[in-house]
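The values are calculated or read from the model by the stated rules, or taken from the named source; none is laboratory data. The model shown is predicted, which means the values in this text are computed figures rather than measured ones. Positions of Cβ are generated from backbone atoms using ideal geometry, with glycine treated the same way; all protein chains shown enter the neighbour counts.
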């Protein structure tokens, strides 16, 4: 393969889809010659799809109707290799007569009937020696969008409910179209399945508007604008359904599940690779010319010679809906944690330096729930280092968990600057005091536990300045000198408990038990018992420290009161003292079925309260983790602020309720969309709770499971 300094790829077939079909060949060529400047000549607006493409250095744009002139201008520049998929208007002759030492023309030559065109391009260029075998990881096209473009699309769509389905009914040729009535039928059926719909407006605004009006349900139109802004919106979608047009090719190249309705052209040559789905209208049409659809009588006439109006008449809405539901289920919002079955590292024994640790500092400087999720780590550390003194450094709030952790020797409460939300003044002496405090303890090692979004390096730097010789943390940065043991980052969707355990397993600590665990002091049970009725109760904890995660109090009240009436059990309402100001209306709605313990429990007492409950109603907060530790059934109103798979209960019977939205996960403290992710009727909460109670009764009848009794 010669050493190339410049490559020109000419793609002037005219359609957006044609450019996308050529993308895999472009990328494979560029990867095969990484030092060459890669130029593409094509038409607008498809040219904008190459913006931010890391493999394309320059884009030349041809004016409509002036393809030959554009090629002539481009060839005035020196290129070592010119490649073209264009074979009209004498363009191939121009290329072959140019000064370029190497040329490849007409990539469409002799395609097999059942081979995808993009695969054919790569095959020919590989046979000619221009593409290296290791430069073709996949023939799947890929369009690059910037993080800013994706974020803008999510912001514009806001809290649109998922699954979001984009319908693209427009097609330039009548013979490619599916009838408006069928789009309307399909749209209504998708809405009945809970989908949100979006219809882009193209050249035929009246068609898009008529279909949207026919579907009803406030189906929005995406106004005509730049192609990249539409691509960014489609990239957020859960499914795109389109006629055989460039938009279908673009959607698939954005890695969005795509369902394409094929008419004149043959789906096996022009369709999207699995798992996308291509539906072919009238596959046995006697006029079909698989090798070249432009030879079909319908292609230039734009009409069908038979009794049907278009090639798509035999695709019923029911058939399309069935295929659509196949792509929508299950939605790929969050990958499950597979670390329990697949290890990312080879099993290794604990090294002598860690075996020798006698004073260990474990840092987790977040909220109560985050500290509770360190319990499997602390238990494993105690089992491996039975003689060591283990200190847990936590935030003042998180430090309240210490009485529930029998594996630690002491807790060090500290509000650190790098976890502050703007409440700490600038005070270097405070940071020096922290360093001196840690230095005075003479720790042998520090284990820094963080979430996926946090850096361990501020804590590691403090530990290094305090003279702690071993410092373990998960780091996204390279050459992280602040850590002596820097573990590469896990997937962001990994559950926080597994993230914690993965860290210590990396250096050889065995983990025989991965479940959450808490030990309630007997004194806490005794002090709580006098304030509770003798018998089962429902526990309601409707508050969190984050307003964007709070299910509306009036809906919680309705659900809890209905459940109290259904079960005959009282509703114990618990929370912090600061929650009392918001509790008046809630308690009034609950009436005489409520037992008010708001602000009247320590954290150990609250843990005992959770452990003894028959059922817990709560938000995504520390209550959820305490209930998981004691295997207590719970209904969780889980806001869209985070991925469920990062924080959800892993063992206790539960029902997570939330409406999936495009804006999730937002990680926002306050919601700009009226908590649409928690727009859940109280009746649904009651139904979920009844299912759980029935399940719990079944479990009790088959095993020793039952909530802890005070």
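Of all residues in segment 616-627, none satisfies being in contact with a strand residue (DSSP E or B) (Cβ under 8 Å, 6 or more places away or on another chain), closer than 20 Å to residue 671 by Cβ, without any contact (Cβ under 8 Å) to a residue 40 or more places away in the chain and surrounded by 24 or more Cβ atoms within 10 Å (Cβ to Cβ). Here residue 184 meets each of (1) modelled with pLDDT under 95; (2) in a helix (DSSP H, G or I) with one exception, condition (1).
The numbered conditions (1) assigned to a loop (DSSP other than H, G, I, E, B); (2) more than 42 Å from the chain's Cα centre (by Cα); (3) surrounded by fewer than 17 Cβ atoms within 10 Å (Cβ to Cβ) are all true for residue 112 except (2).
Check segment 471-488 and report whether any residue there is in contact (Cβ under 8 Å) with a residue 40 or more places away in the chain, within 24 Å of residue 367 (Cα to Cα) and surrounded by fewer than 19 Cβ atoms within 10 Å (Cβ to Cβ). Checked segment 471-488: no residue is in contact (Cβ under 8 Å) with a residue 40 or more places away in the chain, within 24 Å of residue 367 (Cα to Cα) and surrounded by fewer than 19 Cβ atoms within 10 Å (Cβ to Cβ). Screening the candidates 347, 324 for the property of being at pLDDT 95 or above and either in the same structural domain as residue 262 (by TED's automatic domain parsing) or surrounded by fewer than 21 Cβ atoms within 10 Å (Cβ to Cβ) (or both) yields one hit, 324. Total residues in segment 237-282 satisfying the condition of being touching a strand residue (DSSP E or B) at 6+ places or on another chain (Cβ under 8 Å) and under 20 Å from residue 144 (Cα atoms): the figure is 14.
May I ask you to verify whether residue 503 is part of a loop (DSSP other than H, G, I, E, B), touching a residue at least 60 places away in the same chain (Cβ under 8 Å) and within 26 Å of residue 403 (Cβ to Cβ)? In short, no.
Of the residues that make up segment 558-572, is at least one assigned to a loop (DSSP other than H, G, I, E, B), surrounded by fewer than 23 Cβ atoms within 10 Å (Cβ to Cβ) and touching a helix residue (DSSP H, G or I) at 6+ places or on another chain (Cβ under 7 Å)?
Kept after step one, since they are assigned to a loop (DSSP other than H, G, I, E, B), are these residues of segment 558-572: 568-570.
Next, from what is left, pick out any that are surrounded by fewer than 23 Cβ atoms within 10 Å (Cβ to Cβ): 568-570.
Subsequent filtering for residues that are touching a helix residue (DSSP H, G or I) at 6+ places or on another chain (Cβ under 7 Å) retains 570.
Looking for residues that are assigned to a loop (DSSP other than H, G, I, E, B), surrounded by fewer than 23 Cβ atoms within 10 Å (Cβ to Cβ) and touching a helix residue (DSSP H, G or I) at 6+ places or on another chain (Cβ under 7 Å), one finds at least one in segment 558-572, hence yes.
Here's the yes/no breakdown for (1) in contact with a strand residue (DSSP E or B) (Cβ under 7 Å, 6 or more places away or on another chain); (2) surrounded by fewer than 23 Cβ atoms within 10 Å (Cβ to Cβ); (3) closer than 20 Å to residue 627 by Cβ:
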position	(1), (2), (3)
356	no, yes, no
359	yes, yes, no
362	yes, no, no
367	no, yes, yes
373	no, no, yes
393	yes, no, no
400	no, yes, yes
410	yes, yes, no
415	no, yes, no
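From the list 431, 498, 474, the lone residue that is out of contact with any helix residue (DSSP H, G or I) (no Cβ under 7 Å at 6 or more places or on another chain) and in the same structural domain as residue 383 (by TED's automatic domain parsing) is 498.
Can you find, within segment 5-22, the residue that is nearest to the chain's Cα centre (by Cα) among those that are assigned to a helix (DSSP H, G or I) and within 15 Å of residue 45 (Cα to Cα)? Full working, then the answer.
Kept after step one, since they are assigned to a helix (DSSP H, G or I), are these residues of segment 5-22: 16-22.
Now drop any that are not within 15 Å of residue 45 (Cα to Cα), which leaves 16-20.
Numbers: 16: 28, 17: 27, 18: 30, 19: 28, 20: 25 Å.
Filtering segment 5-22 for residues that are assigned to a helix (DSSP H, G or I) and within 15 Å of residue 45 (Cα to Cα), the one nearest to the chain's Cα centre (by Cα) comes out as 20.
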